[in-house]
1. Of the numbered conditions (1) in a loop (DSSP other than H, G, I, E, B); (2) under 36 Å from the mean Cα position of the chain (by Cα), residue 972 fails exactly one; give the number of that condition.
2. I'd like to check which strands (runs of 3 or more DSSP E) are fully inside region 649-733 and have at least 3 residues that are touching a Leu at 6+ places or on another chain (Cβ under 8 Å).
3. Counting just the residues of region 817-839 that are of a type in the set (S, T, N, Q) and at pLDDT 95 or above, which one comes out farthest from residue 561 (Cα to Cα)?
4. Do we have residue 182 as within 16 Å of the ligand (Cβ to nearest atom) and on the phi < 0 side of the Ramachandran plot here?
5. Select from region 754-784 the residues that are in contact with a strand residue (DSSP E or B) (Cβ under 9 Å, 6 or more places away or on another chain), over 22 Å from residue 694 (Cα atoms) and in contact (Cβ under 8 Å) with a residue 40 or more places away in the chain and list them in ascending order.
6. Quick one: is residue 434 farther than 30 Å from residue 608 by Cα, surrounded by fewer than 17 Cβ atoms within 10 Å (Cβ to Cβ) and out of contact with any Ser or Thr (no Cβ under 6 Å at 6 or more places or on another chain)?
7. Kindly provide the set of residues from region 275-313 that are assigned to a strand (DSSP E or B) and within 16 Å of the ligand (Cβ to nearest atom), ordered by number.
8. Can you confirm whether region 332-349 contains a residue that is buried (at least 24 other Cβ atoms within 10 Å of the Cβ), closer than 14 Å to residue 412 by Cβ, within 16 Å of the ligand (Cβ to nearest atom) and under 22 Å from the mean Cα position of the chain (by Cα)?
Amino acid sequence: MVPGKITRIGALRCFAMFLVFTAAGAMTWADETAPARDPKQPVDEPYTAKIKKYTTQPYFISPLVDYLPASKNVPTPEAVLGDVAGAPGVLPYAEEVYKYMRLLEKASPRVKVFSIGTTEEGREMIAVTVSSEENLKRLEENRARLAKLADPRTIKLDDAEADRIVAQAVPVYYITGTIHSPETGAPTALMELAYRLAVDESPYIREIRDGMITLITPVVEVDGRDRMVDIYKWHLAHPKDFYPPLIYWGKYVAHDNNRDAMGVTLKLTENVLKTYVGWKAQVLHDLHESVPYLYDNTAGDGPFNAWVDPILTDEWEMIGWRNVSDMTKFGMPGVFTHGVFDTWSPGYLMFIAAMHNGISRLYETFGNAGSDTKERTLDPEEYARTWYRQNPPLPKTLWSQRDNNNYEETGLLTSLHYFNENKRLFLKNFYLKAKRSVTKPSAEGPAAYVLPADDPRPSLQAELLRVLQKQAVEISRATATFTVALPVKKEPKSKKSQDAKEKEAAPAPTTREFPAGSYIVRMDQPYSRIADALLDYQYWSPDDPQKTPYDDTGWTFGELFGVQVTRVTDAKVLSASMERVTEIHAPGGVKGDGSVFAINNNAEPALATLRYRLRDASVDAAEEPFESGGKKFNRGSFVIRNASRNDLDRAAAELGLQAMALGSAPAVKTHPVRAARIAFVHTWLSTQTEGWWRQALDNLGIPYDYISTQTVAKIPDLNAKYDVILFPPVGFFSSPTAIVSGLSTAWGNPLPWKNTPETPNLVGKNDSTDDMRPGLGWEGVERLQEFVHNGGVLLTATDTSRFALSLGLADGVSASSSDRMKIVGSVVGTRLVDGASPIAYGYDEKVAAYCDDGPIFSLSSISGGRGRRRRLGGEAHTRPTGRGTPNDPDFTVGRPTAEAPEEPEAETWENPPVTDEQRINGYRVIPPADRPRVIFRYADSKELLISGLVQGGDEIAQHPAVVDVPSGNGHVVLFSINPVYRGETRGTYSLVLNAILNFDSLNAGRKLAEK
Ligand SMILES: [Zn+2]
């Protein structure tokens, strides 16, 4: 063991002595099996010696991992690592981890390795099963048993039958490692854990092996792992240099890979979800490393997600506190549960279990982002003793990857053992939670969600349903018309008491008829919980004691997809005539006769895909609604010429778009819709938030050049190469000055992001640079300005909109931060202001959007003006003190009354009218054609909240949400909302796509102010 640098010697000595005492006491474990090695089984002495050598304090280890049992035929992790798990300087690539797991599989009948899919970059993902030979021989038989518990319909909800199955079934405990790439310890901990579970003959481990199936995915973010190991190798090769930060993890997103469990847009989520559901596992336990020393956030803080079963929240408390207790008995400091993590959002990977009737768990252990042993100093709040952390970590300590592995393995082994001891209870709970999901319609409701067959956005509807299918939700389709009763909408209390008569004449219940072909998501199915959580509305009270939501507070998928979803409580819906559908596909293709084709525009992103696919066709957008062939077409509808009917039919069928062949082109004003050449700009500060935009464009098949701010500065004529520059939100480190200046090059060394012999995986399919530090630079700002002035379209959102405004790239708009507003990842209402703008093509008057304290845009008609904020608080003044009644004119004694000129007025989202005074030598007055054009504004205060938390929303209510600012010959399009986010906001994608497709006609339909 390495002696730590002890500063407060006295206190720590006492601490250590106390620990020795409790560790000895821990060996007597009431009536349960003691966690201790089997004295008859030989120990791998050299390996054990190294474990002890790399552990920095005697209390950073437990009797479960302070030795390694020896085996004659099963290789230890040393066979692949060349050292023990957690050794300094050793960090295996995913492939090496797999190599070891497959060596185990070869050497031991207690291990099996399964391939569970590939990543975006084509790397393999695996799941390793460790259990007794007997259990592994009967995997399928056991799976069939668990399947009956997972779907209680198969045993007719018969509790007695469930008990019989529970008595025989072997539970599955699924552990997932290193989804977050800089959190590097899990793979080696899981290699050694697999070895221990396969080899150790101590009663404590044998019970786990015989009693349950441990399933392990040692690396979840495989692409990111390989990049992280590259960086670490680079660091080892250049020990005196600063090493580049891990700017890319997976192909698209970094830390947000653990926020994808709702949308299931990443391969890693899909693969883990399939594995979890396919194995009918009871637990999903995800390993992270950002809190000292082990924060078991299984028992989180409130508010709890409203759709989880209270049975689960009780399980969280049981498991979480027991885990703390077990490790406390070992004398390991810094183990706690509860903490600050709230359990509201279901976006985390582990929450797949919570939403599929299992148990979600998450560990935060302490990692060094690599396997260097380092002196670590904690923040005061990290080492403070609190009611839920009675044994806090030390303020300062030498910490090693081995320490981290000790904590991870000890926590997992005690968890597995406790789970096994209580497996009948947990299996029964697994069944009960599934049963309660099936009985939802008659218990809390609803009975079903219905997505009507006549939704104007069938392709988006299909996308939403396919997300539910990925979540293992069963979808049905009505084979005939059906009618359901809708609940009576309750009036707010204050209104009710106002008029007693109204009370008597309570509104009669209404009914709604749904056409045949409508989709029905029945709630009497085992995975109704996840469907309910995604489709329902969320309300986070501003009075909630939790003041710092951990993540998004609202996500209602129907709203964010722009798709109609009706929550039906009337159980009659379940007896409607319907059939199960396995494949969801929106109908599409060409109908009618003629050589001109029209496609209605309902803001479906598939339209943009079609435009890029039919590159040689001539496509125009109608600037006004029209009727043709007996069908109504919205503004922005496509009129297609010079396209082969076959090509169009094939593409439209695939994309779920209905094209109509017309005898002649409609008599309506049109402009060309072109496949714009797109530059997609990213910074070297953070790539997370733009990653979701990249993913969306890739999924839609829209090509772009992916260039950094550094590259922008180097392209002399951006207009020659591009029509549109997308500059999506940066996310972290996104101040305008950081975007321009980047990181200082005045000190330190270059931070390269490129493939070298030491870093063969770094670049992948993304971007590279010799030095990540320089930013856009002033030259880059100038290039962007030229690009816009020469006719280009620059599109920005949230923080990049702030950037564009603060650098003067767009005039007449200012962005300010809120004083007291709190909109934390919520769904908010916006209102259409200018439906003639191409950006609004296909949209309705009301559009739901994702907002996270978006910048508050204000307009000014004066160049450089700050713009007006909406007046908050009380009513505006009526008249000054004087003669007469409140509505009378005043007088002045001794002169005739002068009529005051009418004060020009404008709504918050409108350009303020120019006053007569401003027009005197009005060189600062922005000419009407150059003033910002507001396309969407935020809804009024009372209608702002759709889902989530909106507090102090009047600050942003009515302010512009999407603005098109003419600048020179081009445009800067500014978003206060984030239209492309986590694969969840597909209803607002077309705001961006419309700007792209109509880049050279954005002024279409524009009405100018007179003055
Ligand atoms: Zn993490």
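1. Going through (1) in a loop (DSSP other than H, G, I, E, B); (2) under 36 Å from the mean Cα position of the chain (by Cα) one by one, residue 972 breaks only (1).
2. 678-682, 724-727
3. Checked region 817-839; the qualifying residue farthest from residue 561 (Cα to Cα) is 837.
4. Taking the combined requirement at face value, the residue satisfies it.
5. Those that are in contact with a strand residue (DSSP E or B) (Cβ under 9 Å, 6 or more places away or on another chain), over 22 Å from residue 694 (Cα atoms) and in contact (Cβ under 8 Å) with a residue 40 or more places away in the chain: 759, 773, 774, 777.
6. It is false that residue 434 is farther than 30 Å from residue 608 by Cα, surrounded by fewer than 17 Cβ atoms within 10 Å (Cβ to Cβ) and out of contact with any Ser or Thr (no Cβ under 6 Å at 6 or more places or on another chain).
7. 284, 285, 286, 287, 288, 294, 295, 296
8. No - not one qualifying residue is present in region 332-349.
The values are calculated or read from the model by the stated rules, or taken from the named source; none is laboratory data. All values reported here derive from a predicted model rather than from experimental measurement. As a convention, Cβ positions derive from the backbone with ideal geometry for all residues, glycine included, and neighbour counts pool all protein chains shown.
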